[in-house]
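Trainee: First, the structure itself, so that you have it in front of you.
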Amino acid sequence: MTRGEVTTRRAVPADVPELVAFWARVGENGSRPPDRPELVERLLQHDPDAVLVAEVDGRLVATIVCGWDGWRANLYRLAVAPELRGRGVARHLLDLAEDRLRGLGAERFCAMVLDENKLGTAWWRSVGYEPQAEWSRWVKDA
Ligand SMILES: CC(C)(COP(=O)(O)OP(=O)(O)OC[C@H]1O[C@@H](n2cnc3c(N)ncnc32)[C@H](O)[C@@H]1OP(=O)(O)O)[C@@H](O)C(=O)NCCC(=O)NCCS
């Protein structure tokens, strides 16, 4: 799919090194274990449509992970290269991700956003998402 000079497609295993480097540079990086290429490869093996990317002239400029486990639809790693922000690229990727998840049967979308990420929380609000005050995420290392 093309939007101006920005094209979108699903990520493939050959993208993994660039994805990991992009997320280290541009993604929301607090409070999570560092990415490792083999983990992203495993995700693509498990669900080849889980990662959507936007590119300009073959250079990766935006990503979103749209995970469907058969029960819940989870969105992660929405990130746009700083020089392309404010042009609707994130909105476009989110539309594609929501379409995909809706098509799989999702009735609600869940986005992971750090509370302290003012840009991210304002953005997700602007596209209709709300924090759920009555729930917290509880975690334990495997
Ligand atoms: C948040 C982020 C993904 C937004 O990407 P973007 O491509 O600039 O966003 P878009 O241009 O698609 O914005 C779409 C809409 O949100 C609005 N918007 C953009 N930035 C906004 C902000 N900071 N606060 C509120 N609204 C905002 C735009 O006005 C636009 O509305 P419109 O379609 O009515 O004009 C980008 O800033 C980013 O990569 N941040 C770093 C990573 C991050 O924090 N990710 C989110 C947490 S997972």
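Trainee: Could you give the Stokes-Einstein D for region 2-126 in µm² per second, using the C-alpha Kirkwood radius, 10 °C, 1.306 mPa s?
Mentor: Answer from the Stokes-Einstein relation: 107 µm²/s.
Trainee: Percent relative contact order of the chain, based on C-alpha pairs within less than 8 angstrom and at least six residues apart?
Mentor: Relative contact order comes out at 20 percent.
Trainee: Evaluate E = 1/(1 + (r/R0)^6) for GLU83 and ARG108, where r is the Cβ-Cβ distance and R0 equals 41 Å; express this FRET efficiency to the nearest 0.05.
Mentor: 0.80
Trainee: Would you mind getting me the FRET efficiency between GLN132 and ASN29? Use the beta-carbon distance for r and R0 = 22 Å, nearest 0.05.
Mentor: 0.45
Trainee: If you average the C-alpha positions of region 12-45 and of region 60-134 separately, how far apart do those two centres end up, in angstrom?
Mentor: A separation of 16 Å, based on Cα centres.
Trainee: For VAL51, what residues show an amide H to amide H distance below 5 Å, using hydrogens built from the backbone and excluding near sequence neighbours?
Mentor: ALA11, CYS66
Trainee: Tell me, what % of the accessible area of the chain is carbon and sulfur with a 1.4 angstrom probe?
Mentor: Here carbon and sulfur together make up 53 percent of the probe-accessible area.
Trainee: Work out from phi, with θ = phi - 60° and the Karplus expression 6.51 cos²θ - 1.76 cosθ + 1.60, the ³J(HN,Hα) of each residue of region 53-58, listed in order in whole Hz, and give x for Gly and Pro.
Mentor: After applying 6.51 cos²θ - 1.76 cosθ + 1.60, I find 10, 10, 9, 10, 6, x Hz.
Trainee: Then there's this: Kindly sort LYS118, LYS140 by accessible area of their heavy atoms, largest first, with the probe set to 1.4 Å.
Mentor: Sorted by accessible area, descending: LYS140, LYS118.
Trainee: In the chain, which longest range has no GluC sites (Glu not before Pro) that are both DSSP loop (not H, G, I, E or B) and surrounded by at most 13 other Cβ atoms within 10 Å?
Mentor: 6-106
Trainee: Suppose we keep just the DSSP beta bridges with both residues in region 2-126; what percent of those would be antiparallel, to 5?
Mentor: Looking only at bridges with both residues in region 2-126, the antiparallel portion is about 85 percent.
Trainee: Using a 10 angstrom Cβ neighbour count of at most 10 plus a DSSP loop assignment to flag exposed chymotrypsin sites (Phe, Trp or Tyr not before Pro), which longest range of the chain is free of such sites?
Mentor: 1-70
Trainee: What is the local net charge at ASP49, summed over the other residues whose Cβ is closer than 10 Å to its Cβ (Lys, Arg +1; Asp, Glu -1)?
Mentor: +1
Trainee: Let me ask something else about it. Have a look at the DSSP beta bridges in region 53-142 and tell me what percent are antiparallel, nearest 5.
Mentor: Among the beta bridges of region 53-142, antiparallel pairing accounts for roughly 75 percent.
Trainee: Sticking with this structure for a sec: Which Cα, out of ASN74, PRO37, PRO17, lies furthest along the positive dipole direction of the chain (beta carbon charges, K/R +1, D/E -1)?
Mentor: ASN74
Trainee: Could you give the dipole magnitude of region 2-126 about its Cα centre, charging the beta-carbon of Lys and Arg +1 and that of Asp and Glu -1, in debye to the nearest 20?
Mentor: The dipole of region 2-126 has a size of about 300 debye.
Trainee: How much area per residue is accessible in the chain when the probe is 1.4 Å and only protein heavy atoms are counted (Å²)?
Mentor: Ligands and nucleic acids excluded, the result is 65 Å² per residue.
The values are calculated or read from the model by the stated rules, or taken from the named source; none is laboratory data. It should be emphasised that the depicted structure is a prediction, and the values quoted were computed from it without experimental measurement. Cβ coordinates were reconstructed from backbone atoms using ideal geometry, including for glycine residues, and neighbour counts include every protein chain displayed. Just so you know, the surface numbers come from the protein's heavy atoms only, side chains and all, with ligands and any DNA or RNA stripped out. Shrake-Rupley method; radii C 1.70, N 1.55, O 1.52, S 1.80 Å.
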